[in-house]
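What follows is one structure encoded as structure tokens, with my remarks underneath.
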Amino acid sequence: MAVTEADAPPASEVRLTTERLTLRAVTPDDAEQLHRLLNDWEVCRMLQAVPFPYPRLIADQFIADSVSQRLDGRAYHFAVTGQEDGREKLVGAVGLTLLPGQRRATIGYWVGRRFWGHGVAREATGRVLRWALANLDLDSVEATVAIDNPASTAVLRAIGFREIGRGAETFLSRGNGSHSVLRFEAARADLAPAPTQSTPVADSLAAAAAPPGLPLVLVAACVLIDGQGRVLIARRPEGRAMAGLWEFPGGKLEPGESPEEALIRELREELGVDVARSCLAPFVFASHSYPKFHLLMPLFLCRRWQGHPVAREGQLLRWVTPDEMMDYQMLPADKPLLPLLRDLL
Ligand SMILES: Nc1nc2c([nH]c(=O)n2[C@@H]2O[C@H](COP(=O)(O)OP(=O)(O)OP(=O)(O)O)[C@@H](O)[C@H]2O)c(=O)[nH]1
Ligand SMILES: [Mg+2]
């Protein structure tokens, strides 16, 4: 599917930060420190593909492989660093490997023993999970944990992973034979709601209009259509609910706004374009129950606007033909609308 390649982040540099940590591509300069931290029985015995003792040569080989995997978009291995005595220090690593031809990946991580007990694994792995679901063409991420590793199990649960089964795997450092493991999975719906998910204004508006049951959320959205009949879609950025899925530009109505007024404001805020009310043509609407609210969303068509759309809120924008649009993972409420749009264009 065309989406995968086009959407892969630039291989050169994905740099993620958290309150205390920086996550960046592993480089050959990390080899010495990585070898020192990883050549530790207590760390190695919990990792499936790492021998003990852990020779320096394997550290160099791992780093070389991870550079080429990253360039091909096959796997992303992050060095996790923190500040100690005013210097950046390697404290561990998180690796995400994509399963070819599937919308799934596996995640693994380790933290050097002297940094245990500070929530590093949770902070770093949670960050990579959110980044991956928002920026790669993925629906879920899986993790496998040795049954005698309760600390790691707790990390996964705290991030939002669900246990999906048990099994047996070999562990290089533990010699022959297989060992019991727990299998976990996390999808978008498992991530804790992002703080920006709903505004107080939208909440009070919804509460006022809501019948008993799910609150009603009113959203106006728009299909911008260019001269070649392509439409503009946007990928919801990390930090928003349902990050990584695609949508039409638009947003929630504020109190006192008509759908058209809300849309004109949203298109200016999100894309920096100016649209006249007379250029908005009502098309169809979505009525869809999400777990926490019911969405009512008029969808407008627009063929004329002022300015060139630019992503002002960290979203990824793409002009697509109606056929290409069917290959994108759009928000659930939008799916029934897509064939109608394709027929029209
Ligand atoms: N803009 C937009 N929202 C959609 C679409 N389909 C759909 O289910 N929604 C849902 O409608 C709600 C509108 O969200 P939004 O996040 O765009 O609202 P907004 O721009 O006002 O942002 P804010 O509330 O963070 O300030 C979200 O829950 C979103 O998931 C769509 O095609 N476009
Ligand atoms: Mg919006």
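The values are calculated or read from the model by the stated rules, or taken from the named source; none is laboratory data. Nothing here was measured: the structure is a model prediction, and the numbers come from that model. So basically every Cβ, Gly included, is an ideal-geometry build from the backbone, and we count neighbours across all protein chains shown.
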Which condition does A75 not pass, out of (1) among the hydrophobic types (A, V, I, L, M, F, W, C); (2) out of contact with any Ser or Thr (no Cβ under 6 Å at 6 or more places or on another chain); (3) closer than 26 Å to T170 by Cβ, if it passes all the others? (2)
Residues L295, L271, L299: which one is in contact with a Leu (Cβ under 9 Å, 6 or more places away or on another chain), closer than 28 Å to L133 by Cα, without any contact (Cβ under 8 Å) to a residue 60 or more places away in the chain and crowded, with 17+ Cβ neighbours inside 10 Å? L271
Can you pull out the residues in segment 68-88 that are at pLDDT 95 or above, out of contact with any helix residue (DSSP H, G or I) (no Cβ under 7 Å at 6 or more places or on another chain) and within 16 Å of D29 (Cβ to Cβ)? T81
Per-region count, segment 21-42, residues surrounded by 14 or more Cβ atoms within 10 Å (Cβ to Cβ) and outside any helix (DSSP H, G or I): 8
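Where residues in segment 134-173 are aliphatic (A, V, I, L, M) and within 30 Å of L317 (Cα to Cα), which of them is farthest from the chain's Cα centre (by Cα)? Explain how you work it out, then say what you get.
Taking segment 134-173 and keeping what is aliphatic (A, V, I, L, M), we get 134, 136, 138, 141, 143, 145-147, 151, 154-156, 158-159, 164, 168, 172.
When the remaining residues are screened for being within 30 Å of L317 (Cα to Cα), the result is 134, 136, 138, 141, 159.
On the way: A134: 2, L136: 7, L138: 8, V141: 10, I159: 13 Å.
The extreme case among them is I159.
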Single residue of L280, L340 found to be more than 12 Å from L224 (Cα to Cα), in contact with a strand residue (DSSP E or B) (Cβ under 9 Å, 6 or more places away or on another chain) and away from ligand 1 (no atom under 11 Å from the Cβ): L340
Residues that are within 16 Å of ligand 2 (Cβ to nearest atom): list the helices (runs of 4 or more DSSP H) wholly contained in segment 237-345 that include at least 3 such residues. 259-271
Checked segment 126-152 for anything among the aliphatic types (A, V, I, L, M) and in a strand (DSSP E or B); matches are V141, A143, V145, A146
Residue match in segment 324-336 (condition: within 21 Å of the chain's Cα centre (by Cα), away from ligand 1 (no atom under 14 Å from the Cβ) and not assigned by TED's automatic domain parsing to the domain that holds W131): yes
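Each row is one residue, and each column tells you yes or no for (1) surrounded by fewer than 19 Cβ atoms within 10 Å (Cβ to Cβ); (2) in contact (Cβ under 8 Å) with a residue 60 or more places away in the chain; (3) in the same structural domain as D139 (by TED's automatic domain parsing); (4) closer than 30 Å to L129 by Cβ.
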| position | (1), (2), (3), (4) |
| --- | --- |
| G227 | yes, no, no, no |
| R236 | no, yes, no, yes |
| K252 | no, no, no, yes |
| L317 | yes, yes, no, yes |
Any residue at all in segment 265-275 that's small (G, A, S) and either touching a helix residue (DSSP H, G or I) at 6+ places or on another chain (Cβ under 8 Å) or within 11 Å of ligand 1 (Cβ to nearest atom) (or both)? no
Of everything in segment 211-236, what is in a loop (DSSP other than H, G, I, E, B) and either within 13 Å of ligand 2 (Cβ to nearest atom) or among the polar types (S, T, N, Q) (or both)? Give them in sequence order. Q228, R236
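Select from segment 146-168 the residues that are free of Cβ contacts under 8 Å to residues at least 60 places away in the same chain and buried (at least 16 other Cβ atoms within 10 Å of the Cβ) and list them in ascending order.
T153, V155, L156, I159, G160, F161 - these are the residues of segment 146-168 that are free of Cβ contacts under 8 Å to residues at least 60 places away in the same chain and buried (at least 16 other Cβ atoms within 10 Å of the Cβ).
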If I ask for residues that are over 24 Å from the mean Cα position of the chain (by Cα) and farther than 11 Å from A221 by Cβ, which ones from segment 282-295 would you list? P282, S287
Residues (in contact with a helix residue (DSSP H, G or I) (Cβ under 7 Å, 6 or more places away or on another chain) and either surrounded by 15 or more Cβ atoms within 10 Å (Cβ to Cβ) or in a strand (DSSP E or B) (or both)) located in segment 96-125: L96, A105, I107, Y109, W110, V111, G112, A121, R122, T125
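For A93, are the conditions met, namely being under 19 Å from T27 (Cβ atoms), assigned by TED's automatic domain parsing to the domain that holds L37 and in a helix (DSSP H, G or I)?
Working: under 19 Å from T27 (Cβ atoms): yes; assigned by TED's automatic domain parsing to the domain that holds L37: yes; in a helix (DSSP H, G or I): no.
Answer is no for this residue.
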